[in-house]
1. Among the candidates 131, 81, 145, 76, single out the residue that is out of contact with any helix residue (DSSP H, G or I) (no Cβ under 7 Å at 6 or more places or on another chain) and under 26 Å from residue 280 (Cβ atoms).
2. Check residue 201 against each of (1) in contact with a strand residue (DSSP E or B) (Cβ under 9 Å, 6 or more places away or on another chain); (2) closer than 22 Å to residue 302 by Cα and name the one condition it does not meet.
3. Could you check, for the range 1-18, whether at least one of its residues is surrounded by 17 or more Cβ atoms within 10 Å (Cβ to Cβ), modelled with pLDDT of 95 or more and assigned to a helix (DSSP H, G or I)?
4. Restricting to the range 191-218, count the residues that are more than 18 Å from the chain's Cα centre (by Cα), within 16 Å of residue 174 (Cβ to Cβ) and in a helix (DSSP H, G or I).
5. Yes or no: residue 79 in contact (Cβ under 8 Å) with a residue 12 or more places away in the chain and out of contact with any strand residue (DSSP E or B) (no Cβ under 6 Å at 6 or more places or on another chain)?
6. Are any of the residues in the range 203-210 at pLDDT 95 or above, surrounded by fewer than 16 Cβ atoms within 10 Å (Cβ to Cβ) and over 16 Å from residue 139 (Cα atoms)?
7. Looking at 191, 182, 200, 142, which one is at pLDDT 95 or above, surrounded by fewer than 18 Cβ atoms within 10 Å (Cβ to Cβ) and within 25 Å of residue 72 (Cα to Cα)?
């Protein structure tokens, strides 16, 4: 197993049903071929067998972490999980003499390493390119990968990605959950985050803290590795649906369009097919779920208010800062209206065909 990378990978993982038990060992091999190590912080409700499996790889470079309920550093539980993980990763990086750390959600890593190994290797290489001091890299989803996600995410992330990009002066993808830091930036993130307003998914905080301390912030577009990851968690249900129903795959040819029945193995061979089956079955539930839309709108509001409250760190002139504040206030008003209209239009319970 080759581990020549300068980058320590850090992920949160939520797997209460144990759906990654079979995949995790193979993925771990691929991850450790490209990173110096992998720290995984599991949620409290993650399947005990998954936790035990991670622990069993400790001597190969896979490190288990679980948030200590007695050690609360942030009032929001999701942010608290992230900060606990980052603190643990930072301590481990010092022990291993590593000065570059990448955070990416665990389920994204699993999908990327399993289905897109070459593209996964590419982002690992890009992660090594950052400097060892005052350096921050944001990985962006391609337009195609962004649009594979379900509508509540697509519709609510557009505006805050646009506004953060406008204020920072570079294209950013806040919701990609894929960021690389030099350890000095990560130290600032872990010490400064709890002093700021709580945010459930804290990635925009990290960028603002990096900006505040004068770090060099860059962003690069990726392919495939940050595609919609949730369908992999429901592979078994999607495969059963294909077995129980005629699901056609449309293939254009010189002689016209042909409809071929999907087979179970097709969903393993091509991940985009699994995504399509998921979105017409279980994914439909989240698409028309009032709770899902409300959660996404709440995240959008948190991110926009966070940016508005910290515009002063950009040292804009008075007119420019006032213009940004007005635009943010207008977007927040529009958000509240969109939220009300969409939530009123949704059924209380989704109805699947």
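1. Values: 131 fails: under 26 Å from residue 280 (Cβ atoms); 81 fails: under 26 Å from residue 280 (Cβ atoms); 76 fails: under 26 Å from residue 280 (Cβ atoms).
Step by step, each of 131, 81, 145, 76 is checked, and only 145 is out of contact with any helix residue (DSSP H, G or I) (no Cβ under 7 Å at 6 or more places or on another chain) and under 26 Å from residue 280 (Cβ atoms).
2. The number of the failed condition is (1).
3. No; the residues of the range 1-18 include none that is surrounded by 17 or more Cβ atoms within 10 Å (Cβ to Cβ), modelled with pLDDT of 95 or more and assigned to a helix (DSSP H, G or I).
4. 4
5. Working: in contact (Cβ under 8 Å) with a residue 12 or more places away in the chain: yes; out of contact with any strand residue (DSSP E or B) (no Cβ under 6 Å at 6 or more places or on another chain): yes.
Against the criterion (in contact (Cβ under 8 Å) with a residue 12 or more places away in the chain and out of contact with any strand residue (DSSP E or B) (no Cβ under 6 Å at 6 or more places or on another chain)), residue 79 qualifies.
6. Within the range 203-210, the first condition is being at pLDDT 95 or above, and the residues that meet it are 203-210.
Adding the requirement that they be surrounded by fewer than 16 Cβ atoms within 10 Å (Cβ to Cβ) leaves none.
No, the range 203-210 has no match at all.
7. Details: 182 fails: surrounded by fewer than 18 Cβ atoms within 10 Å (Cβ to Cβ); 200 fails: at pLDDT 95 or above; 142 fails: within 25 Å of residue 72 (Cα to Cα).
So the residue among 191, 182, 200, 142 that is at pLDDT 95 or above, surrounded by fewer than 18 Cβ atoms within 10 Å (Cβ to Cβ) and within 25 Å of residue 72 (Cα to Cα) is 191.
Residues are listed down the side, and each one gets a yes or a no for (1) touching a residue at least 12 places away in the same chain (Cβ under 8 Å); (2) more than 21 Å from residue 186 (Cβ to Cβ):
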{"site": "26", "(1), (2)": "yes, yes"}
{"site": "39", "(1), (2)": "yes, no"}
{"site": "49", "(1), (2)": "yes, yes"}
{"site": "56", "(1), (2)": "no, yes"}
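The values are calculated or read from the model by the stated rules, or taken from the named source; none is laboratory data. Note that the structure is a prediction, hence the values are computed from the model and not measured. FYI the Cβ positions are ideal-geometry reconstructions off the backbone, even for glycines, and counts take in every protein chain you see.
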